[in-house]
Amino acid sequence: MTTYNIALNFEDGVTRVIQCDDDEKVTDAAFRQKINLPMDCRDGVCGTCKCFAEKGAYELEFYMDESMSDEEAEQGYVLTCQMIPESDCVLRVPASSAVCKTAPEAIDGAVLGVDRLSGTSFGLRVRLSKPMGFLPGQYVNVTVPGTGAHRSYSFSSAPGTDEATFLIRNLPGGVMSSYLGDRAQPGDAVTLTGPMGAFYLRPIERPQLWLAGGTGLAPFLSMLEQVTKQGSDHPITLYYAVTRAADLVELDRVNAMAEKIGNVTVITILAAEDDAHDRKGFVTDHVTAEDLNDGDCDVYLCGPPPMVDAVRVHFAKLGVEPANFHYEKFNPTEEKAEAA
Ligand SMILES: Cc1cc2nc3c(=O)[nH]c(=O)nc-3n(C[C@H](O)[C@H](O)[C@H](O)COP(=O)(O)OP(=O)(O)OC[C@H]3O[C@@H](n4cnc5c(N)ncnc54)[C@H](O)[C@@H]3O)c2cc1C
Ligand code: FES
């Protein structure tokens, strides 16, 4: 028997990854794992359990045309009460996690170490009590030891292991930054709650344009780990923009993965005027309409809010709309709390 990982993305941004056997229906596997996916007849008749499969191979057993049209099935819709997976899958569930009686998972961990990658960033390594299922690009909330606070961080590691890594900006005086810089000790207890977020790598079906600002490189490291395993039939261009040369971190790792994948171009950009470099300025000074391949590309953009906003304005000016545009803003936690 083979067991597959099925990522359930709920509409409130929460993701849960369940295990489904190759002779088991997805709603049954979810129920076994205490997640009540929307369901009524359980017979392929009512259509209540309809979800959208973003990725994966599967078989659909009997269902009535009234519950799902041929057109919907061709687009990728599935009836989860009749769906038997034939590979790992990613499903978009049109209901919140709370409606499905689930919530982000909280996993305990212990700090393995903190690496000072540069004056402006830390690498945090955490040993988890069990692996956390997530999609490369997603984030978790991490508690800050000794405080009641937590901060959101994108995984910079690949899913499926009990060691998680993060790439974290050093904001002097910041709650997490001060902990990492002044007090962190191996063995400190942390809790990771998640995974969350709609910023994750979809199947690569066209050229990729990936734009990272500062520690916004983190999710791309996780995505590159995934592509290193699965390969890519399409070229990937990664722009990595920072302020100073010393802020360019994890480049050896990026270049090693790029070389292994084969069709990845890595372009670095420095903003500081007094640091010599081939490409100076901001991402918006260098990304051209040509990079957007007449719109036949998927764009992934991650970094500080001003950079994300500037790139969106830049694309509008270029007048080329990419086939898919996904972005993640590293908003400060307080700002989010105020907005909520
Ligand atoms: C979905 C998501 C994913 C994220 N992933 C990452 C990640 O992978 N790596 C990473 O480094 N960060 C990431 N962040 C940002 C992160 O959650 C924290 O906001 C950041 O690390 C600052 O935490 P701190 O406790 O050190 O500073 P805080 O105590 O939160 O802030 C200290 C001071 O700095 C200000 N500040 C906070 N953030 C910024 C900012 N971006 N620009 C300017 N001023 C700021 C605050 O308003 C405050 O005045 C992410 C944020 C979100 C929402
Ligand atoms: S629950 Fe009715 S079609 Fe699946």
Inset, instruction - Look through the stretch 155-171, keep the residues that are part of a strand (DSSP E or B) and within 7 Å of ligand 1 (Cβ to nearest atom), and return whichever of them is most open to solvent (accessible area, probe 1.4 Å). - result: Arg169
Legend entry - Scope the stretch 137-168; condition under 17 Å from the mean Cα position of the chain (by Cα) and of a type in the set (A, V, I, L, M); matching residues: Val140, Val142, Ala158, Ala164, Leu167, Ile168
Legend entry - Lone unmet requirement of (1) among the β-branched types (Val, Ile, Thr); (2) more than 16 Å from ligand 1 (Cβ to nearest atom); (3) surrounded by 15 or more Cβ atoms within 10 Å (Cβ to Cβ) for Thr3: (3)
Inset, instruction - Test each condition in (1) more than 16 Å from ligand 2 (Cβ to nearest atom); (2) within 28 Å of Val26 (Cβ to Cβ) for Thr120 and report the one that comes out false. - result: (2)
Inset, instruction - Scan Val175, Val190 and give me the residue that is assigned by TED's automatic domain parsing to the domain that holds Met132 and more than 11 Å from ligand 1 (Cβ to nearest atom). - result: Val190
Legend entry - the stretch 44-70, residues that are more than 6 Å from ligand 2 (Cβ to nearest atom), open to solvent by 60 Å² or more (accessible area, probe 1.4 Å) and part of a loop (DSSP other than H, G, I, E, B): Glu61, Phe62, Met64, Asp65, Glu66
Inset, instruction - Name every residue in the stretch 72-104 that is away from ligand 2 (no atom under 13 Å from the Cβ) and free of Cβ contacts under 8 Å to residues at least 24 places away in the same chain, in order of residue number. - result: Glu74, Gln75
Legend entry - Residue tally, condition touching a residue at least 40 places away in the same chain (Cβ under 8 Å) and loosely packed, with under 15 Cβ neighbours inside 10 Å, over the stretch 182-199: 4
Inset, instruction - Could you list all residues from the stretch 6-27 that are surrounded by 17 or more Cβ atoms within 10 Å (Cβ to Cβ) and among the charged types (D, E, K, R)? - result: Arg16, Glu24, Lys25
Inset, instruction - Given the conditions (1) in the same structural domain as Phe330 (by TED's automatic domain parsing); (2) in contact (Cβ under 8 Å) with a residue 60 or more places away in the chain, report the number of the one that Arg202 does not fulfil. - result: (1)
Inset, instruction - Would you tally the residues in the stretch 142-154 being touching a strand residue (DSSP E or B) at 6+ places or on another chain (Cβ under 9 Å) and either over 20 Å from Pro195 (Cα atoms) or open to solvent by 30 Å² or more (accessible area, probe 1.4 Å) (or both)? - result: 5
Legend entry - strands (runs of 3 or more DSSP E) enclosed by the stretch 214-316 - at least 1 residues per element that are under 20 Å from Tyr139 (Cα atoms) and in contact with a Leu (Cβ under 7 Å, 6 or more places away or on another chain): 236-242, 298-303
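The values are calculated or read from the model by the stated rules, or taken from the named source; none is laboratory data. Predicted model only: the values in this text are computed from it and were never measured. Every residue, glycine as well, gets a Cβ built from its backbone with ideal geometry; the counts of neighbours run over all protein chains shown. Accessible surface areas use protein heavy atoms only, side chains included; no ligands, DNA or RNA. Shrake-Rupley method; radii C 1.70, N 1.55, O 1.52, S 1.80 Å.
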